[in-house]
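Novice: I have a structure here, written as structure tokens, and I will follow up with some questions on it.
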Amino acid sequence: MSTDAPSNETPQQPEPARPRRNPSEQRALQAELRELADVVGPGPLVDLLLERAFQMQATDIHLDPTGNDLRVRVRVDGLLHDILRLPSDSQSQVISRVKLLGGMDITERRHAQDGHISNSIGGIERDVRIGSGPTIHGERLVLRLMPESGNYSRLEELGIRKAQQDLLERQLNRPYGMILAVGPVGSGKTTTMYAGLHGLNEPHRSLVTIEDPVERRIEGVNQIQVDNRTDFGFAQALRACLRQDPNVMMVGEIRDAETAHIAGRAALTGVLVLSTMHANDAASAIDVLREFDVPAPVIADSINCIVSQRLLRRASERSREEYSPDDATAEMLGLSMEERAEAKLVRGIPAEENFQTGYVGRTGVYEVMPIDGDVRKAILRGAPTREIRDIARSNGMSSLEAEARAKALAGETTVEEFVRLQAGLSDDPTGKRDRPAGGFGENPDRPATGGDGRPNTPKDSTVRVA
């Protein structure tokens, strides 16, 4: 197996795409929206908000009623920022304007609705997904801003290290099998699968995607959106597509046992399947599939590779400072005396251009685990997660922590981001989360459901979407 540990290799790919932000626009946004709210109706205000949010590379807009006003926030680089508070007397007008644009029923305020805006914003065709729901203070809206189709469409733009990229591309070029991208919500899994799909999009291949929703429109790819209201879910769409001679299928998410089984069978019968799943790291994705009752031989033989990933915020290029690590930081990063003497870490300086966070943009860190050799044998004999993880690392797999450490030492991100990632991956000293195949139901310390009422699963393995 290829060695895949961080090294001092010189990057051979172009710099990842950076958000195209205009600091003056960010500084003026709040004043611009406040001034416009006083002199125009909700239509121009909503249009400007959407245009500015796309310019700022925001991923979401939240319109939250508070009882006294309407709180407007945008999510940039994974964090929500307050932009504006509109008076309560204009709240219903703004909500109704957004719902009209999204083709929603403006008279229905007691039940959740979904909507979709697809038109030209700032001269570019953009898609916006809308979700509404009642709160004690009135109707709330969240707008999901779909990325521009040309952004982050290649693996080299995502921040993946060259050795990992080469390994992943070898797996993508195999004629059949399954490649999974795993991680929590908002970790960039679908973007990675789109980038892989982009490299496979050639005239001699039949490519099909099954998504909920379709996030990017790709020329040359047959894209299908599931609709649970008509009982056309992932499993039903998968069955239909398998009868249509596909070479490559991208399944937006494996959410249930039925989809997992069908995708596994498709990967064994000559189709290259790309999909995503909620799991803590690459090895724990095996436990998720076991919980779906996918047989060990199917897991071992159908999966080519599992990619686990996270997004780290980039330290601002415009406003940053260098410093030398102190004793505690050096110990946290595991620096030798020689490394500590040479290390120059960075921290962002809060400024108006970065929403007073010190960060602008994000980059990915990856863990690439091929399913071959010793890892395959461990899966077949039902080895627990920790053993599979240790085998993969002994064979050269670089961990997410190692990749984040390398980016902190290279000045791409900060020690604080490394610590944040590490906290989300911290090992359970009791070992209760690492179960052999078939061992989930025997944990008396795990309640049947979580705080949200959904079926509970081990922390290490999944945060499943019902």
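Novice: If you line up the Cα atoms of the range 263-333 on their principal axes, what length do they span on each, largest first, in Å?
Specialist: 54, 28, 16
Novice: How would you rank 125-131, 365-371, 103-109, 136-142, highest first, on the average number of other Cβ atoms within 10 Å across their residues?
Specialist: Packing proxy ranking, top to bottom: 365-371, 125-131, 136-142, 103-109.
Novice: Would you mind classifying the range 177-319 by shape? Square roots of the alpha carbon gyration tensor eigenvalues, ordered a ≥ b ≥ c; an a/c under 1.5 is rounded, otherwise it is prolate if a/b is larger than b/c and oblate if not.
Specialist: oblate
Novice: Please give the FRET efficiency for M332 paired with D166, using the beta carbon to beta carbon distance and R0 = 25 Å, rounded to the nearest 0.05.
Specialist: Result of the calculation: an efficiency of 0.25.
Novice: A further question follows. Could you work out how much longer the chain between R340 and E35 gets when fully extended? Use 0.36 nm per residue separation minus the Cα distance between them, nm to one decimal.
Specialist: 104.7 nm
Novice: Taking the Cβ-Cβ separation of H137 and L48 as r and a Förster radius of 30 Å, what is the calculated FRET efficiency to the nearest 0.05?
Specialist: Between H137 and L48 the formula returns 0.75.
Novice: Sticking with this structure for a sec: Multiply the residue separation of N247 and E416 by 0.36 nm, subtract the distance between their alpha-carbon atoms, and state the gained length in nm to one decimal.
Specialist: Value of the extension gain: 56.5 nm.
Novice: Relative contact order of the range 41-118, please, whole-number percent, based on alpha carbon pairs below 8 angstrom and at least 6 residues apart.
Specialist: 22 percent
Novice: So if each residue of separation counts as 0.36 nm, and I subtract the Cα-Cα distance between D372 and S118, what length gain in nm does that give?
Specialist: Result: 87.1 nm gained on full extension.
Values quoted throughout were computed directly from the atomic coordinates according to the rules given, and no laboratory measurement underlies them. All of these numbers come straight from a predicted model, not from anything done at the bench. No Cβ is skipped: glycine too gets one built from the backbone with ideal geometry, and neighbour counts run over all protein chains shown.
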